[in-house]
Amino acid sequence: MNLNNRVQLIGNISAEPLFRVFDSGNKMLRFTVCTTDVYKVDDRYVKDIQYHTVVAWGKTAETAEKNLKMGEEIVIDGRLTKRSYTDKNDIQQLISEVVANTIIRKSGNLRSHSSSDLRKSA
C-alpha cells in the first residue's frame, strides 16, 4: 500500500450502505462514516462530528454489503481520492472519498479485504 496516501478511520456507519453491481460486473458499496473528536476550548469540551464518504469495490464491497449495518462501529484502512462531476444544474461538484482497502467491525466479527489481500473473510 502506498504510505503517501493512507487513511485510517474509526467511526460509525451513519446510513444504510448502498450496494451496486454495474453492467461490467464490478461491485461497489458506498456508505457514510461518522467520526467524533472531542477537544477542550477554555474550560469546556467541544464535540466535532464529521461525516466521511467511503467507497469499497469488488470482494471488499461484496463482503461488507452482506455484513455491515447502520450504526455499527468499524475501522477502515484505505486511501483518499477526489473526483468531480457536473450536476443537473450544470455546476461542477468536487467530491472527496475514502476508498476502503480493509473494513473491520470493531466487534471483530467482520474482516473485509481487497482482492490483493490473501487473507480470507472471517
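The values are calculated or read from the model by the stated rules, or taken from the named source; none is laboratory data. These numbers come from a predicted model, not from an experiment. Cβ placement follows ideal geometry from the backbone for every residue including glycine, while neighbour counts extend to all protein chains displayed.
If the condition is being farther than 22 Å from Lys82 by Cβ and in contact (Cβ under 8 Å) with a residue 40 or more places away in the chain, then the range 42-61 contributes only Lys59. Which residues, counting only those in the range 98-118, are touching a Gly at 6+ places or on another chain (Cβ under 9 Å) and at pLDDT 70 or above? Residues satisfying the conditions are Val98, Val99, Ala100, Asn101, Thr102, Ile103.
Taking (1) in contact with a Pro (Cβ under 9 Å, 6 or more places away or on another chain); (2) buried (at least 17 other Cβ atoms within 10 Å of the Cβ); (3) among the charged types (D, E, K, R) in turn, Lys69 satisfies each apart from (2). Which one is surrounded by the most Cβ atoms within 10 Å (Cβ to Cβ), of the residues in the range 1-56 that are assigned to a loop (DSSP other than H, G, I, E, B), out of contact with any Phe, Trp or Tyr (no Cβ under 8 Å at 6 or more places or on another chain) and among the aliphatic types (A, V, I, L, M)? Per the stated criteria, the residue is Met1. Looking at Lys59, Lys66, just one residue is farther than 16 Å from Val99 by Cβ and either assigned to a loop (DSSP other than H, G, I, E, B) or under 17 Å from the mean Cα position of the chain (by Cα) (or both), and that residue is Lys66.
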